[in-house]
Amino acid sequence: MTAPRLEIDLGKIQHNATTLVQRLDARGISVTGVTKAVLGAPEVANVLLQAGVSGLGDSRLENLKAMRAAGILAPLTLLRSPMLSQVSRVVTNADVSFNTEIDVIRALASAARTAQVTHGVVLMIELGDLREGVMPNELNSFVRETLACSNIELTGIGTNLACRSGVSPDDRNMAELSALATSIEEAFGIPIEIVSGGNSANLNWVFAGDDAGRINNLRLGEAILVGREPLHRCPIDGLYTDAFSLVAEVIESKSKPTQPWGTVAQSAFVDTAQLHVSDRGVKEHCIQAILAVGHQDTDPGGLRLEPGVTILGASSDHLVVDTGSLSRPVGSEMSLQPNYGALVRAMTSPFVTRVWKPCHETISAHQTKT
């Protein structure tokens, strides 16, 4: 079988999505399944819909278009603020878009009139992470100008945290978002149907409390796909963390010194080598293997390896590992578990093949085990 390849277990993805949809539904919160890490793959989109997500979201218009072309009829949301150069394509491929600029909303309105459609808009509000969003004190004037645009429907408000600066969702910022939704309704006499509190980073906050306030939607990608919460990358109870495996082939296996020699300058990449030198003790040699995968295929720093195997370094197309006490023969394969960032890179690489494991195989294996 071709390597490197991503082996993708659709049954585990569906289990994760179903579990989160049910847990959040009990708290009055719907789930938008985020497909950007899998490039809008219809295989994943379909299992998310079967799991009960209320719609699908992606930051790339190309992915939304691919899902529509594959016959996906669910509501589609463009999660990244639209480019002015793409507004005509946005209104024809996305039902809703997240927005932070009034000039873009006006351009969307013009494109929607031309296409004879109504386009939904969610206004993103800045609550501290300093990525995207309208400042709260400017929100009322922004809402007023949005409501003046024909063929635009203000469907909700939202925020994004923990992506740029690592600011965590908490009672304070989520209460502020809830209060802003209520203040808009009171000031303008309109319903705010969607209050999108954030992404997978919100799960710790949701499950730790009893009252989510007005928050009634989360956009989940990382938690569903890799079974971890983004704040500390801890596994989420009851979810699979191994729905994706990156399989790479060994192209060299030799005993080599643990330290380089010669005059040392910068390497081709700022890689993980320096992180592991101190962990390797005083041994003079190690059994070193090279896997045919590198920065051009994934994020080497985001890979979890088999027990006893340690990453020593990486270049564009080589991953160098210490295999411990066991030699890995040339031509053998090793399975690596990607985190969310490594998964995004692997899915995007044209050199990584995708192998889909259908849902029924996971269900059969689980039933056999139990």
| request: Determine the sum of side-chain charges near Lys357: Lys and Arg each +1, Asp and Glu each -1, restricted to other residues whose C-beta is under 14 angstrom from that of Lys357. | output: -2
| said: Under 19 Å from a point placed 7 Å out from the Cα of Leu326 along the Cα-to-Cβ direction: which residues of the range 232-264 have their backbone N that close? | reply: 245-256
| request: Quote to one decimal, in nm, the extra length available between Phe207 and Asp171 on full extension: 0.36 nm per residue of separation minus the C-alpha distance between them. | output: 11.8 nm
| said: For Ser141, Ser196, which order do you get if you count the other beta carbons within 10 Å of each Cβ and list the fewest first? | reply: Ser141, Ser196
| Considering only DSSP beta bridges whose two residues both sit in the chain, what percent are antiparallel, to the nearest 5? | 45 percent
| query | Cα-based Rg of the range 310-351 per 2.2 N^0.38 Å, rounded to two decimals? | reply | 1.33
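Determine the gain in length on full extension of the stretch Val117-Arg354; use 0.36 nm per residue of separation and subtract their C-alpha separation, reporting nm with one decimal.
Taking 0.36 nm per residue and subtracting the Cα distance, the gain is 81.7 nm.
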| said: How high is the relative contact order of the range 244-338? Use alpha-carbon pairs under 8 Å, at least six apart in sequence, and give a whole percent. | reply: 42 percent
| message | Given points 7 Å out from each Cα along the Cα-Cβ axis, report the Ala70 to Glu193 separation in nanometres with one decimal. | response | 2.5 nm
| query | Stokes-Einstein at 10 °C, 1.306 mPa s, Kirkwood radius from Cα pairs: D for the range 10-226 in µm² s⁻¹? | reply | 92 µm²/s
| said: Run the numbers for Ser85 and Ser315: contour at 0.36 nm per residue of separation, minus the present Cα-Cα distance, in nm. | reply: 79.2 nm
| field | Interatomic Cα distance distribution for the range 244-338, bins of 5 angstrom, percent | value | 3, 13, 26, 27, 20, 9, 2, 0
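Among residues other than Thr92 whose Cβ falls under 12 Å from its Cβ, what is the net charge (Lys/Arg +1, Asp/Glu -1)?
The answer is +2.
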| query | Per-residue ellipticity at 222 nm for the chain, helices alone: DSSP H runs ≥ 4 residues times -39500 (n - 2.57), over residue total, nearest 500 deg cm²/dmol? | reply | -9500 deg cm²/dmol
| field | Distance (nanometres) between label positions extended 7 Å along Cα→Cβ at Glu306 and Ala179 | value | 5.5 nm
| task | Would you mind ranking Leu291, Leu343 by Cβ crowding within 10 Å, fewest neighbours first? | result | Leu343, Leu291
| message | What whole-number distance in Å separates the alpha-carbon centres of the range 86-154 and the range 3-54? | response | 27 Å
| query | Efficiency by 1/(1 + (r/R0)^6): what FRET value for Cys163 and Arg60, r their Cβ-Cβ distance, R0 = 25 Å, to the nearest 0.05? | reply | 0.95
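Percent relative contact order of the chain, based on C-alpha pairs within less than 8 angstrom and at least six residues apart?
Rounded, it is 19 percent for the chain.
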| request: Could you name the aspartates and glutamates whose alpha carbon sits less than 17 Å from that of Lys65, not counting residues in the same chain fewer than 8 places away? | output: Glu43, Asp95
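FYI, it's all coordinate maths here, none of it is from the lab. Just so we're clear, the structure is a prediction, and the values are computed from it rather than from any experiment. When we count neighbours, we look across all protein chains shown, and the Cβ atoms used for this are built from the backbone with ideal geometry, even at glycine.
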